[in-house]
Amino acid sequence: MFAIYYVESTEAMLANHMLTAEHSILSSMLGVKPMLTFDEGHLVTTGKARTRSQVVEQLIEFASGFDSVEQAVIVQPESAQRSETTRLLINRLADLFPGQPITLCSYSPSLAALIGAQAGGLVILSAEREETHDLYKD
């Protein structure tokens, strides 16, 4: 399972010491949305986007790195309705993974405490490949 998130506001990241005050202020002034992934159990910043279309592009770039996908899950705040970002992402994922289920789900309060209540993301469950052994080769 692999995940990437985008953050609309850096306040929670600042409160959790994931960003310095300077980076948080600069991010807010420039309208930058940090992109986060998990690395060895810690959320780390892996990129940034300024517009929602750039967010979708980075999420799709992340998803396209998988050869075999069992399921794609779009995560969003519990109270959120489908945003334009979510609609764009659903359409792009359907083109990228035809016939694969795309699920919408709310993220947990504990994740909201880390990245804020105005964030979203994509979780990819990668299908395991079975190793095939040719009994007649060797």
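Readers should treat all values here as calculations from the given coordinates under stated rules, not as data from a laboratory. Everything numeric in this text was worked out from a predicted model, so none of it was measured. Here the Cβ is made from the backbone with ideal geometry for all residues, glycine too, and neighbour counts use every protein chain on show.
Here are some notes:
- Volume in Å³ per residue [convex hull over Cα atoms, computed for the chain]: 134 Å³
- For the chain, with +1 on Lys and Arg beta carbons and -1 on Asp and Glu, the positive-most of PHE2, VAL73, SER83 along the dipole: SER83
- At full extension, LEU125 and THR45 could sit 26.7 nm farther apart than now, given 0.36 nm per residue minus the alpha carbon distance.
- Kirkwood-type hydrodynamic radius, the stretch 30-78: 12.3 Å, calculated from all non-identical alpha-carbon pairs.
- Helix-only CD estimate at 222 nm, as mean residue ellipticity for the chain, using -39500 (n - 2.57) per DSSP H run (n ≥ 4): -10000 deg cm²/dmol
- Charge dipole (debye, nearest 20) of the stretch 2-126; +1 at Cβ of Lys and Arg, -1 at Cβ of Asp and Glu: 340 debye
- Each 10 Å bin, from zero up to the one with the longest distance, holds this percent of the alpha carbon pairs of the stretch 1-70: 20, 48, 26, 6, 0.
- Axis angle, to the nearest 10 degrees, between helix 84-96 and the longest C-alpha principal axis of the chain: 20 degrees.
- For the stretch 51-90, the gyration tensor built on C-alpha atoms gives an oblate shape. Its axis ratio a/c (a ≥ b ≥ c) is at least 1.5, and a/b is not larger than b/c.
- Taking the chain and dividing mean pair separation by its residue count, relative contact order in percent (alpha carbons under 8 Å, at least six apart): 35 percent
- On Cα atoms only, tilt of 21-30 relative to the major axis of the chain in degrees: 80 degrees
- DSSP beta bridges in the chain [antiparallel fraction, %, rounded to 5]: 80 percent
- Placing a label point 7 Å from the Cα of THR37 along the Cα-to-Cβ direction, the residues of the stretch 82-122 whose backbone N falls under 16 Å from that point are 121-122.
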